[in-house]
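First up is the structure itself, then whatever we jot down about it.
None of the figures in this text is laboratory data; all of them are computed from the coordinates on show. Because the structure is a prediction, the values reported are computed rather than measured. Cβ: placed from backbone, ideal geometry, glycine included. Neighbour counts: every protein chain shown.
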Amino acid sequence: MEPQVGRSLDVDGFLRYLTNARRLSARTAEAYAQDLVGFCDFLAHQWGEERAYDWAAVGYPVIRRYLAHLSRQAYAKTTIARKLSAVRALFRFLVDEGVVDANPAELASAPKQALHLPEVLHDYELEELLEAPDLTEPAGLRDRALLELFYATGLRLSEMHGLNVQDLDFEGKQIRVVGKRNKERVVFFGGAADEAVRAYLEGGRPAFLAKRRGSDEEPALWLNRFGRRLSRRGMERVVDKHILATAVAHRISPHALRHTFATHLLDNGADLRAIQELLGHESLATTGIYTHVTAERLRSSYEHAHPLSSMGGGDDNGEDKG
């Protein structure tokens, strides 16, 4: 039997593969590492420390016992599914490397997840939010442009944070974005976002740059009060600030503006695959959640507007009016 440290090198190699070959972020790789530490601890408890990395001995029954162990520990279904995904990915790597012959986790099923529909703003809520910033102040010009562009493009928070001024093509009203796993895509923006961003570049951004120390150039599109790139947390604070200033009752994040973007496109007849491309989703199934959102919105509109929606149809004497 090889010593434990030697077998743990397989996990180290897997994590290097995630960051170097698959180009996952350090944060994602760290999450994989933590999940795999938990799996190895489970094996050590089952078989002893000296066999904690005995991958060839891990079969489907072991994976089933591991999932049962997680369930007894009262982990959420989403957490169990994530941990199983990490184990699957590790063994897929080990098969490719010739360490084991098969992936014992491929046959295991993750717990069924409840369908959580994304938060979406109603039209009146969106209008109030976009109108909230004070356009007489540089920060207000920035905030309006930021909110407009979030809604116009459906960008992720990380993607919006990384934008530089040169990334925007005003003539074509489009932006070339580097998304997850360094994949590039093109997103578009309309007249309202165009007007808001131009106003910020003319009257807001120069005011922030004037407070900047040092002579080096700052390429970032979004600046803070010190003339430096606005942080992700700073962007979240912008949204929080203007949510509090409006009548929007529920908690809205920058990601909710992305959901609203996708839902409004689908509501107005956009093709699901086109929305997938604009959002940068790898799988159409991920984009498919918005079909459920739209169905719920249709049901809500029906129940609110139809005079018989709460009566089950038909008249009081049970006749069907056809």
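Laid out as a table, the results:
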item	result
At R0 = 56 Å, FRET efficiency that the Cβ-Cβ distance of Arg237 and Trp47 yields, to 0.05	0.70
Charge context of Lys173, other residues only, Cβ under 12 angstrom, K/R +1, D/E -1	-3
Nonlocal amide H pairs with Glu137, under 5 Å, H built at 1.01 Å	none
Hits among aspartates and glutamates - C-alpha to C-alpha of Lys77 under 16 Å, sequence gap 8 or more where chains match	Asp35
Segment 4-96, dipole about Cα centre (Lys/Arg Cβ +1, Asp/Glu Cβ -1), debye to the nearest 20	500
Per-residue HN-Hα couplings for segment 178-189 [Karplus 6.51, -1.76, 1.60; θ = phi - 60°; Hz; x = Gly/Pro]	9, x, 4, 6, 6, 8, 8, 8, 10, 10, 10, 9
Segment 4-96: C-alpha gyration tensor shape, a/c 1.5 cut-off, then a/b vs b/c	oblate
Using a Förster distance of 30 Å, the FRET efficiency for Ser158-Asn20 (Cβ separation, nearest 0.05)	0.90
Whole-Hz ³J(HN,Hα) from phi, Karplus 6.51 cos²θ - 1.76 cosθ + 1.60, for segment 269-277, glycine and proline x	x, 5, 5, 4, 5, 5, 5, 4, 5
Calculated FRET efficiency for the pair Arg64/Leu244, C-beta based, R₀ 51 Å, to 0.05	0.60
Global form of segment 153-223, assessed from the alpha-carbon gyration tensor, a/c cut-off 1.5	oblate
Residue-span extension gain [Phe170 to Lys112] - 0.36 nm each, minus C-alpha spacing	16.4 nm
Over segment 102-243, relative contact order from alpha-carbon pairs under 8 Å, at least 6 apart, %	24
Karplus-derived HN-Hα couplings along segment 18-24 (A = 6.51, B = -1.76, C = 1.60, θ = phi - 60°), whole Hz, x at Gly and Pro	4, 7, 8, 8, 8, 6, 6
In nm, spacing of pseudo-spin labels at Leu272 and Ser71 (7 Å Cα→C-beta vector)	3.0
Aspartates and glutamates with Cα under 15 Å of Lys211, excluding same-chain neighbours fewer than 8 positions away	Glu137
Amide proton proximity set for Gly179, modelled H, under 5 Å, gap of 5+	Glu184, Arg185
